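K.L.:
Please read through the structure below; I'll follow up with questions.
Readers should treat all values here as calculations from the given coordinates under stated rules, not as data from a laboratory. Computed from a prediction, not measured in an experiment: that's the story for all the values here. Here the Cβ positions follow ideal geometry from the backbone for every residue, glycine too, while neighbour counts run over all protein chains shown.
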Amino acid sequence: MTTYHEPEHILRQAIESILNQTYRDIEYIIVADDPDNRTHHDVISEYADRDGRIIPVFNEVNLQQSRSLNKALGFAHGEYIARMDADDISLPDRLEKQLAYLQKNNLDLVGGILNVIAADGTPVYRIRSVPEKQSLIRFGLGFGMCLAHPSWLGRKAMFDDLGGYRIDVSAQDYDFLLRAALHGYKLGNVNIPVLQYRLSPDSVSRLNLYRQYLTMLYLSNQYRQGKEADFRELEAYTGRRFSAKKAAAYVHAEEIFYGSLHKVTERKYLSAFLHLAEIPFVSPAYVNKIFRFAVLCLLALPKEKQS
């Protein structure tokens, strides 16, 4: 887990959700990536003093997430690696259930279902199911993420073989999954909720959503051709298509989309539909993302519904 500028109470929730797992035999590597954030330093040190399973790592300069995750991998001694974000909350039996599923099915990396919550912790949307079969996941990766990054649990040998995350791409998690699939690693999902995923409007990822979308387009195009991404081509691809106006519109469309999903959970179907109908006029690019999202949802349907 890496930390940067998460509020103290949210950071504490994240840390405690891992320390309180039913699976106890872990080492918990926490990389504090903001040298000036004394609150994070003090909180992580406090927990490390109380629980010897924590390995605190304090960066002397801000390395950003990809480099910090790779640094964390260098401290790991176990056979398996689990990912966690510092503003999410893992459910108590997450690690136990995922590890058992991975071992039973002889997989290399698994994800799971996320329950989406707002920044204040209130429920926004519950994902009902995710693709399980390796064949469906391999196909679905051509459209987007099939294994949610904060929910990953996989074999350390795979991370080592792939050289960890590539640092020159904004969608480093998607790039990692595509490379894993292209190298023949076996991917799967536990079709149960494993964590609460917090939507953070001020996070770096949300401010960079449109560039991540363009990166995803390029990566998926390369993947469908059986190729790994060339970063020089990626930079040219995104550079030709990016504009601040399109980026702002894309972020606004995402806010509408998640607001609509929340209305669906409240059974306000007409209101949800009317909100969704705004999106083509706000951001045509986001319509493409919704199409890709819909494909992944179809792949996640239970077998009886797919037939």
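K.L.:
Quick one: which residues, 5+ away or cross-chain, put their amide H under 5 Å from the amide H of A119? H built at 1.01 Å from N.
P.N.:
Correct list: L199.
K.L.:
Given points 7 Å out from each Cα along the Cα-Cβ axis, report the T22 to F242 separation in nanometres with one decimal.
P.N.:
4.4
K.L.:
Between Y80 and residues 5 or more places away or on another chain, which pairs have amide H atoms under 5 Å apart, with H built 1.01 Å from N, and which residues are they?
P.N.:
K156
K.L.:
Let me ask you something else. Which value in deg cm²/dmol, rounded to the nearest 500, describes the helix-derived mean residue ellipticity at 222 nm for the chain, given -39,500 (n - 2.57) per DSSP H run of n ≥ 4 and division by the residue count?
P.N.:
Numbers: 15 runs with 157 residues, N = 307.
So the calculated ellipticity at 222 nm is -15000 deg cm²/dmol.
K.L.:
Additional query: What nm distance separates the two modelled labels at A100 and N288, each placed 7 Å from Cα along Cα→Cβ?
P.N.:
Using points 7 Å along Cα→Cβ, the separation is 4.3 nm.
K.L.:
List the extent of the Cα atoms of the chain along each of their three principal axes, largest first, rounded to whole Å.
P.N.:
53, 44, 39
K.L.:
Filter the cross-link list K133/K268; K245/K289; K104/K156 down to pairs whose alpha-carbon distance in this structure exceeds 25 Å.
P.N.:
Values: K133/K268 33 Å; K245/K289 18 Å; K104/K156 17 Å.
Pairs exceeding the cut-off: K133/K268.
K.L.:
Now for a separate question. Any idea what the dipole of region 214-306 comes to, in debye rounded to 20, about its Cα centre with Lys/Arg Cβ at +1 and Asp/Glu Cβ at -1? Each step should come with its number before you reach the end.
P.N.:
Details: 14 positive and 9 negative charges, 36 e Å.
Charge dipole, region 214-306, about its Cα centre: 180 debye, nearest 20.
K.L.:
Taking only the C-alpha atoms, wrap a convex hull around region 82-180 and report its volume per residue in Å³ as a whole number. Spell out each step's value before the answer.
P.N.:
Working: hull volume 12.1 nm³, N = 99.
So the per-residue Cα hull volume is 122 Å³.
K.L.:
Then there is this: What whole-number value in cubic angstrom gives the convex hull volume per residue for the C-alpha atoms of region 1-78? Each step should come with its number before you reach the end.
P.N.:
Values: hull volume 6.7 nm³, N = 78.
Dividing the Cα hull volume of region 1-78 by its residue count gives 86 Å³.
K.L.:
Taking only the alpha-carbon positions of region 223-287 and ignoring solvent, what does the Debye formula give for the base-10 log of I(q)/I(0) at q = 0.28 Å⁻¹?
P.N.:
Once normalised to I(0) and log-transformed, intensities are -1.08.
K.L.:
Here's another thing I want to ask about it. Can you compute 3J(HN,Hα) from phi for each residue in region 71-80, using the Karplus curve 6.51 cos²θ - 1.76 cosθ + 1.60 with θ = phi - 60°, rounded to whole Hz and x for Gly and Pro?
P.N.:
So the Karplus estimates, Gly and Pro as x, are 5, 4, 4, x, 8, 7, 10, x, 7, 10 Hz.
K.L.:
Here's a follow-up. With an 8 Å cut-off on Cα pairs and a minimum separation of 6 or more residues, tell me the relative contact order of region 1-138 in percent. Each step should come with its number before you reach the end.
P.N.:
Numbers: 168 pairs, mean separation 38.8, N = 138.
Relative CO of region 1-138 lands at 28 percent.
K.L.:
Sticking with this structure for a sec: In whole Hz, what ³J(HN,Hα) sequence does region 37-54 give by Karplus (6.51, -1.76, 1.60; θ = phi - 60°), x for Gly and Pro?
P.N.:
8, 5, 4, 4, 4, 5, 5, 5, 5, 4, 5, 5, 5, 8, 9, x, 6, 7
K.L.:
Considering all alpha-carbon pairs of region 132-291, what whole percent are spaced by more than 26 angstrom? Present the calculation step by step, with values, prior to reporting the outcome.
P.N.:
Numbers: 4351 of 12720 pairs.
Of the Cα pairs, 34 percent sit more than 26 Å apart.
K.L.:
Any idea what the relative contact order of the chain is, in percent, if you count C-alpha pairs under 8 Å spaced at least 6 apart? Please list the in-between numbers first.
P.N.:
Working: 491 pairs, mean separation 56.7, N = 307.
Once normalised by length, the contact order is 18 percent.
K.L.:
What nm distance separates the two modelled labels at S129 and L73, each placed 7 Å from Cα along Cα→Cβ?
P.N.:
For S129 paired with L73, the spin-label model returns 3.3 nm.
K.L.:
With both bridge residues required to lie in region 76-201, what share of the DSSP beta bridges run antiparallel, to the nearest 5%? Please report the intermediate quantities before stating the final value.
P.N.:
Values: 10 of 19 bridges.
For region 76-201, the DSSP antiparallel bridge percentage is about 55.
K.L.:
Take every DSSP beta bridge whose two residues both sit in the chain, then give the antiparallel share in percent to the nearest 5.
P.N.:
35
K.L.:
Going by Cα centres, region 264-293 and region 141-156 are how many Å apart?
P.N.:
25
K.L.:
Using each residue's phi in region 221-229, evaluate 6.51 cos²θ - 1.76 cosθ + 1.60 at θ = phi - 60° and report the 3J(HN,Hα) Karplus result to the nearest Hz, with x for Gly and Pro.
P.N.:
4, 5, 4, 5, 9, x, 10, 7, 5
K.L.:
Would you mind telling me which residue in K289, K227, K156 has the biggest mean-square fluctuation in a Gaussian network model of the chain, where springs connect alpha carbons within a distance under 10 angstrom?
P.N.:
Looking only at K289, K227, K156, the biggest GNM fluctuation is shown by K227.
K.L.:
Please list, by residue number, everything in region 69-88 whose backbone N is under 17 Å from a paramagnetic label point 7 Å out along Cα→Cβ of F231.
P.N.:
So the set is 69-71.
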